[in-house]
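Q: Supplied in structure tokens, the structure appears directly below.
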Amino acid sequence: MPPNPSPNGQREFRDCLGHFATGVTVVACRIEGAPHGATVNAFTAVSLDPPLVLVSLDRRSKASRYLADTPFTVNVLAADSAAIALHFAGRTQTGVDLTWLDHDVAPRLAGAAAWLACTPWAQSDGGDHILFLGEVRDFATTPVEPLLFHRGRFRRPGAHLDDSVPAARLAEAGPWLESLDCPSAAGWFGAIADGPLSPAHG
Ligand SMILES: Cc1cc2nc3c(=O)[nH]c(=O)nc-3n(C[C@H](O)[C@H](O)[C@H](O)COP(=O)(O)O)c2cc1C
């Protein structure tokens with residue numbers, strides 16, 4: 001088996017991971033009555049039933065200590081929120097609108113493209129990170145474009161490419177129709193309309 005990336009190969013390892021484009025979130029919790037947020041792109045969907053999501057936090061971060069057994073929100077940043085991402089990554093920004101809104105579970109950020117409010121489900125070792133699974137108790141979306149992160153830079157979404165796949169090609173994709181990814185079923189391409197949760201409004 002090839003060796004793990006050596007310490008001086010870590011730069012290349014990070015660069016490789018950076019080729020995976022992500023959204024950008026601020027993971028927030030309430031600590032001693034005050035909101036704490038940290039910018040996180042290591043966020044992923046895990047399960048629909050029960051509804052679970054995962055965030056991976058550096059052991060050196062305050063957030064990784066605060067999230068132990070603590071409810072949290074995942075705030076999916078909007079495309080115009082790069083300054084907010086920098087702010088909660090330890091690069092304090094002035095003149096940025098940072099409005100916290102109350103929620104029964106944990107504070108959430110105004111202006112997010114989407115948010116999910118989670119209670120702790122499980123926590124596990126992720127090497128120099130800790131993996132936090134949260135059970136989604138509430139969520140909502142806003143019809144704004146999300147902020148993207150790719151190869152160390154912030155981006156906004158470009159063209160929709162699914163429109164360029166000819167309908168005939170989709171129709172030909174027989175085996176796909178059996179798969180959980182089938183676009184005509186509520187798979188990865190469908191909206192989660194009838195899950196165990198329904199979205200909050202407001
Ligand atoms: C775009 C972006 C994505 C980041 N993603 C993560 C991440 O997934 N996990 C993590 O632990 N830190 C991530 N960070 C770094 C944290 O935001 C940073 O360490 C922050 O200062 C932690 O805050 P805290 O120590 O106050 O909790 C990211 C930073 C940026 C700019």
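Q: For segment 38-86, please list each of the strands (runs of 3 or more DSSP E) lying entirely inside it that holds at least 1 residues being without any contact (Cβ under 8 Å) to a residue 12 or more places away in the chain and within 13 Å of the ligand (Cβ to nearest atom).
A: By residue number, 43-47.
Q: Next question, about the same structure. Quickly run through segment 14-35 and pick out the residues that are free of Cβ contacts under 8 Å to residues at least 60 places away in the same chain, out of contact with any strand residue (DSSP E or B) (no Cβ under 6 Å at 6 or more places or on another chain) and either open to solvent by less than 60 Å² (accessible area, probe 1.4 Å) or in a helix (DSSP H, G or I) (or both).
A: ARG14, CYS16, LEU17, ILE31, ALA34 - these are the residues of segment 14-35 that are free of Cβ contacts under 8 Å to residues at least 60 places away in the same chain, out of contact with any strand residue (DSSP E or B) (no Cβ under 6 Å at 6 or more places or on another chain) and either open to solvent by less than 60 Å² (accessible area, probe 1.4 Å) or in a helix (DSSP H, G or I) (or both).
Q: Across segment 132-165, what is the number of residues that are open to solvent by less than 50 Å² (accessible area, probe 1.4 Å) and either of a type in the set (Ser, Thr, Tyr) or more than 29 Å from THR70 (Cα to Cα) (or both)?
A: Residues that pass the stated criteria total 1.
Q: In segment 100-131, which residues are small (Gly, Ala, Ser), more than 16 Å from the ligand (Cβ to nearest atom) and either assigned to a loop (DSSP other than H, G, I, E, B) or surrounded by fewer than 13 Cβ atoms within 10 Å (Cβ to Cβ) (or both)?
A: ALA110, GLY111, ALA122
Q: A follow-up question, please. Any residue that is touching a His at 6+ places or on another chain (Cβ under 9 Å) and closer than 16 Å to SER124 by Cβ - is there at least one of those in segment 16-32?
A: No, segment 16-32 contains no residue that is touching a His at 6+ places or on another chain (Cβ under 9 Å) and closer than 16 Å to SER124 by Cβ.
Q: Please tell me if ARG91 is at pLDDT 95 or above, among the basic types (Lys, Arg) and not in a strand (DSSP E or B).
A: yes
Q: While we're on this one: Condition first: away from the ligand (no atom under 16 Å from the Cβ) and closer than 15 Å to PRO35 by Cβ. Can you find one or more residues in segment 89-99 that meet it?
A: yes
Q: Let me ask something else. Could you check segment 1-13 and list, in sequence order, the residues that are open to solvent by 80 Å² or more (accessible area, probe 1.4 Å) and part of a loop (DSSP other than H, G, I, E, B)?
A: MET1, PRO2, PRO3, ASN4 - these are the residues of segment 1-13 that are open to solvent by 80 Å² or more (accessible area, probe 1.4 Å) and part of a loop (DSSP other than H, G, I, E, B).
The values are calculated or read from the model by the stated rules, or taken from the named source; none is laboratory data. Remember, it's a predicted structure, so these values are computed and weren't measured experimentally. All Cβ positions, even for glycine, are placed from backbone atoms using ideal geometry, and neighbour counts span all protein chains on display. Surface accessibility is based on the protein's heavy atoms, side chains included, excluding ligands, DNA and RNA. Shrake-Rupley method; radii C 1.70, N 1.55, O 1.52, S 1.80 Å.
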